[in-house]
Amino acid sequence: MKQLLNCLNPLTVASVATIALAYPSMAQVNLSVYPYPPSSNESIELYVPPPENNNTNNNTCTQLIGANIDKVISQAPNQWGILIESIDRQTVIYSHNADRYFIPASNTKLFTTAAALQVMNPETTIQKKSLRDWVNITNQRSNNFYADTLFRFIGGSKNVTAILAQLGINPSGFRLADGSGLSRRNTATPRSIVEILRVMYYSPNRDTFYASLPVAGISGTLRNRMRQTAATGTVYAKTGTLTGVRALSGYLENPHQEPMLFSIIVNNQRVSGQALVKAIDTIVLQMTQSRSCQAQ
């Protein structure tokens with residue numbers, strides 16, 4: 001990680017230089033050809049009841065959390081991809097199909113916004129709004145128009161992949177067909193998403209990226225999920241929704257131990273979307289209730 005941090009700034013400068021050659025007027029952009037996005041481009045917020053018995057298994061030892069997650073995904077384990085790691089120690093807490101490709105739905109927006117923040121200053125103006133605002137609207141509201149506009153603006157799939165590769169994200173871990181996640185031709189591994197989350201956690205633009213993520217029980221597309229649970233106010237994550245696809249990837253500020261990174265993706269058209277969301281939330285609640293085994 002120290003090596004990555006030492007390389008971060010020069011790599012970012014190199015990315016800016018490369019993109020600037022193709023987009024010399026990037027600092028001030030007038031995308032007048034695009035109207036402001038209609039509300040239909042934003043995800044609809046639905047209330048999802050918290051998982052039943054969410055107070056059970058409190059204070060689960062981190063090393064034993066895998067057994068609890070295995071139970072949640074036991075009916076269709078091949079349809080799930082999960083990777084949970086600690087931020088500081090890079091310890092793998094749980095891994096299941098972490099290198100398998102899944103349709104990530106709107107988790108694709110994490111690739112788009114991370115790349116944009118590497119080649120542009122958060123105060124760069126796009127259509128009279130700062131990049132900071134664009135990133136916030138893209139992730140908080142899961143706005144597809146903003147995501148696809150940013151994606152095209154920084155050069156599409158080829159450039160986004162190159163920018164992220166320069167930051168140490170394995171380019172073979174994802175394939176991007178668009179910037180929003182609407183296309184089912186987007187694929188990504190849970191590991192590639194966790195790599196992005198880790199890089200952005202140590203990025204100079206960390207605060208902008210972090211603040212753009214919905215907060216469980218409080219804001220954005222997570223406002224009505226995991227309310228009045230241990231996850232409320234401690235989970236900052238991007239949702240993902242398509243038919244038969246649900247995803248949640250982000251950061252967990254566990255009060256009992258160091259913060260965690262996680263990516264949870266399920267592709268299963270045989271189960272209702274609400275059931276998939278409930279299963280994901282159950283997994284996240286297991287994480288919020290975990291403690292270091294040494295502390296027990």
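So here's what we get for this one:
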quantity	calculated
Any helices (runs of 4 or more DSSP H) falling wholly within segment 50-145 and containing at least 3 residues that are surrounded by 20 or more Cβ atoms within 10 Å (Cβ to Cβ) and modelled with pLDDT of 95 or more	108-119, 131-140
Which numbered condition residue 184 misses (of (1) crowded, with 16+ Cβ neighbours inside 10 Å; (2) within 21 Å of residue 99 (Cα to Cα); (3) in contact (Cβ under 8 Å) with a residue 60 or more places away in the chain)	(1)
Test: residue in segment 276-287 that is of a type outside the set (Gly, Ala, Ser), touching a residue at least 12 places away in the same chain (Cβ under 8 Å), outside any loop (DSSP other than H, G, I, E, B) and over 24 Å from residue 76 (Cβ atoms)	no
Selection status of residue 180, among the hydroxyl-bearing types (Ser, Thr, Tyr) and either in a loop (DSSP other than H, G, I, E, B) or in contact with a Pro (Cβ under 8 Å, 6 or more places away or on another chain) (or both)	yes
Pairs where the first residue, in segment 101-118, is more than 16 Å from residue 201 (Cα to Cα) and in contact (Cβ under 8 Å) with a residue 60 or more places away in the chain and the second is part of a loop (DSSP other than H, G, I, E, B) and among the charged types (D, E, K, R), C-beta under 9 Å, 6+ apart	103/184; 103/185; 105/184; 108/178
Index of the failed condition, residue 211 passing every other in (1) farther than 14 Å from residue 138 by Cβ; (2) among the aliphatic types (A, V, I, L, M); (3) surrounded by fewer than 20 Cβ atoms within 10 Å (Cβ to Cβ)	(1)
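For every residue, the table says whether it meets (1) within 10 Å of the chain's Cα centre (by Cα); (2) in contact (Cβ under 8 Å) with a residue 60 or more places away in the chain.
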position: 191; (1), (2): no, yes
position: 196; (1), (2): yes, yes
position: 203; (1), (2): no, yes
position: 208; (1), (2): no, yes
position: 212; (1), (2): no, yes
position: 219; (1), (2): no, yes
position: 225; (1), (2): no, yes
position: 234; (1), (2): no, no
position: 239; (1), (2): yes, yes
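The values are calculated or read from the model by the stated rules, or taken from the named source; none is laboratory data. Please read these numbers as outputs of a predicted model, since none were measured by experiment. Using ideal geometry, Cβ is built from the backbone for each residue, glycine included, and neighbour counts are taken over all protein chains shown.
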